[in-house]
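Asker: Would you mind keeping the following structure in view while I ask a few things?
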Amino acid sequence: MARPRGANRRRFVLALVVLTSLTLITLDTRNGRSGPLGAAGRLAHTIVSPVQSGVSAVTRPVSDWWSGMIDSGSIKKENRRLERRVAELEGNQHQAEAAIALNHELQAQVGLRGKLLGAANPVSARVVDRDPGNFESTLTIDRGTADGIAEGMPVMAPDGVVGHIVEVWRDGAKVRVLTDPESAIAVRPVLHPVIGIAQGQEGSDEISVDDFGPRAPVHTGDEIVTANLTNSLYPPDLPVGTVTSVDEQSAGLGLSARIKPYVDFGELQFVQVLRWVPGEGAVVTTTTTTTTTTTSTTVPGVSTSTSSVP
């Protein structure tokens, strides 16, 4: 079917106008913006601009889509590289924070060891295992009988008392911490001589004293230390914790107090074992030396010597 002649004519006229406009624009650019050609060139710009804008509006989405298809692979690859780099940097940051925390703890252990050296010749040990309960009641350390550790010896951290040794073997030992229900420790307020026995509580991170006297000067916020009690597992005046509450028992039986230990048992990495024997004090390491005496006797033609060890 033949197309209408009018439509062909309109297309021809449009093509002629566009061609003429392009020619005028070229001449306008080459000859400047003044004069008749300049005016004709500006008119041509006015005529062609709507056509050019329409063509750009149609072709731009196609161009953007095509560019996205071509670049999507490299963009995804770059995203993966950046994600790996972010994860690597975050891992480095966590490692640095852990190293700083470990350094602080080691410095605190060195300071604690310096304070205790004259009293109990402590043994430094690393925590290698923990009780799996909600509140760790035992810890396992990597020092044992080979290092002079024995059952009953107290265990310290820079913040205060940890507990005492309940089981020991050649290269390790188990520590019962203060919050264990079977733990017991003689304590007193720093400012007063009243003594009570603090015990661990099931499912609690605090210890409790139920035998302070009715008029015992114990108050919330008091600092608690170990008491100088005969045959106590612990040397006197070691830091234990802070009183969090005080209650008066019924029938005038006395005061009960709850104490929050200074030590965070779940965060411990290193401890000091005090070589201390209840009722005897610090274990003193002694060394023995032997002296050999040599006596020489001279006989004509014969030389003899004898040695004796006292």
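Asker: For Arg126, what charge total do you get from the other residues with a beta carbon under 10 Å from its beta carbon, if Lys and Arg give +1 and Asp and Glu give -1?
Answerer: 0
Asker: Further question on the same structure: Going highest first, how would you order 154-160, 253-259, 227-233 by mean Cβ packing within 10 Å?
Answerer: In descending order of packing, they fall as 154-160, 253-259, 227-233.
Asker: How big is region 126-175 on each of its three principal axes, counting only the C-alpha atoms and giving the largest first in Å?
Answerer: Projected onto the principal axes, the Cα atoms of region 126-175 cover 31, 22, 17 Å.
Taken together, the values in this text are just the output of simple stated rules run on the coordinates, not laboratory data. All figures in this text were calculated on a predicted structure; none of them were measured in a lab. For neighbour counting, all protein chains shown are included, and Cβ atoms are generated from backbone atoms with ideal geometry for every residue, glycine included.
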